[in-house]
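Report on the following structure.
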Amino acid sequence: MTTVGKGLMHKTMAEAAASEIRERILGGAYPPGMRLRQDALAEEFGMSRIPIREALLCLESEGILNILPHRGAVVVELSVEEIEELFNMRVLLEPFLFLRSAPSLTPADFELLESNLEKYSASMDALDVDMWNDINTEFHMTIYKRARSPRVQATVQNLLAECDRHTRIQLTNITADRNRAVEEHTKILKLCRQRKFEEGAQLMREHIDHIRLVLFDLLKDRDADAGRAAE
């Protein structure tokens, strides 16, 4: 029987189980298409099936799992088409919001962004996967908060949530990309302070598109591994 980790003891049992299962999915221990059985997880984690069920429902809401009739929880497979659509929408919409909002950021906004950057860097160093998306979303949405485009802002916030599981996989598997993400957030903030808004918008495009390209490479490697295993 395995425990879910000493560092998670302060969380509820469902949160602790969700955190451990999420880490295994993002780290590749539970590959795409794998079925997760509640009873086996409950026995392994030393808890009842109720918190396991809650954990799986939480992960389904994050888009990491699908809970299917007669099959139970299945790890979601990454789709090239889905990644293409999500990240293309972000590349179109986020520079637009950046250019509308960045010139109007206030000193209080910059204070919040500096604080966010410190937390983002610390979460990368600590490999705190649970925190990455929340901090990243906060950074992006703070930059866009003065855009006066509520519908586009709401759309981008939803896109960031949908992209979460993809970017977690990218950052979990590639150390250099964790460093790059922090460096690019730092540069974007610096360009905002310097009022170099066109350069900032271009870096935002490159920042988003890099994730898309890396995920394509990860998918190619996954498909190649699957092909070799089938031979």
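Out of R195, R228, R222, R212, report the one residue that is modelled with pLDDT of 70 or more and either under 16 Å from P32 (Cα atoms) or part of a helix (DSSP H, G or I) (or both).
Residue meeting the stated conditions: R212.
Considering only segment 11-63, state which residues are within 24 Å of K220 (Cβ to Cβ) and in contact with a strand residue (DSSP E or B) (Cβ under 7 Å, 6 or more places away or on another chain).
Of everything in segment 11-63, those that are within 24 Å of K220 (Cβ to Cβ) and in contact with a strand residue (DSSP E or B) (Cβ under 7 Å, 6 or more places away or on another chain) turn out to be I25, Y30, P31, P32, G33, M34.
Out of the residues in segment 68-95 that are of a type outside the set (A, V, I, L, M, F, W, C) and in a helix (DSSP H, G or I), which is surrounded by the most Cβ atoms within 10 Å (Cβ to Cβ)?
The extreme case among them is R90.
Taking the condition of being more than 13 Å from I52 (Cα to Cα) and modelled with pLDDT under 55, how many residues in segment 4-28 meet it?
Total meeting the criteria: 6.
Pull out all pairs, ordered by first then second residue, where Cβ-Cβ is under 8 Å, the residues are six or more apart or on different chains, the first lies in segment 32-50 and is assigned to a helix (DSSP H, G or I), and the second is of a type in the set (S, T, N, Q) and surrounded by 12 or more Cβ atoms within 10 Å (Cβ to Cβ).
Once the first residue is assigned to a helix (DSSP H, G or I) and sits in segment 32-50, its partners that are of a type in the set (S, T, N, Q) and surrounded by 12 or more Cβ atoms within 10 Å (Cβ to Cβ) give F45/T3; R49/Q38.
So, in segment 120-163, how many residues would count as being at pLDDT 95 or above, in contact with a helix residue (DSSP H, G or I) (Cβ under 8 Å, 6 or more places away or on another chain) and not β-branched (V, I, T)?
The number of residues fulfilling the criteria is 11.
Answer yes if at least one residue in segment 85-105 is of a type in the set (S, T, Y) and modelled with pLDDT of 95 or more, and no otherwise.
Yes, segment 85-105 contains a residue that is of a type in the set (S, T, Y) and modelled with pLDDT of 95 or more.
Taking the condition within 15 Å of the chain's Cα centre (by Cα) and of a type in the set (S, T, N, Q), does N116 pass?
When the stated conditions are applied, N116 does not pass them.
Restrict the check to segment 96-104 and report whether at least one residue is under 15 Å from the mean Cα position of the chain (by Cα), crowded, with 19+ Cβ neighbours inside 10 Å and not β-branched (V, I, T).
Within segment 96-104 (the criterion being under 15 Å from the mean Cα position of the chain (by Cα), crowded, with 19+ Cβ neighbours inside 10 Å and not β-branched (V, I, T)), the answer is no, since none of the residues qualifies.
Which number in (1) surrounded by fewer than 17 Cβ atoms within 10 Å (Cβ to Cβ); (2) outside the structural domain of E15 (by TED's automatic domain parsing) marks the one condition that S61 misses?
It fails just one condition, (2).
Among the numbered criteria (1) under 26 Å from A108 (Cβ atoms); (2) at pLDDT below 95; (3) of a type in the set (S, T, Y), which one does T172 miss?
Every listed condition holds for T172 apart from (1).
So is S79 in contact with a Leu (Cβ under 9 Å, 6 or more places away or on another chain) and small (G, A, S) or not?
Yes; evaluated as a whole, the condition is true for this residue.
Considering each residue of segment 117-167, count those that are touching a residue at least 60 places away in the same chain (Cβ under 8 Å) and not aliphatic (A, V, I, L, M), and give that number.
9
The values are calculated or read from the model by the stated rules, or taken from the named source; none is laboratory data. These figures come from a predicted structure and were not determined experimentally. Backbone-built Cβ (ideal geometry, glycine too); neighbour counts: all protein chains shown.
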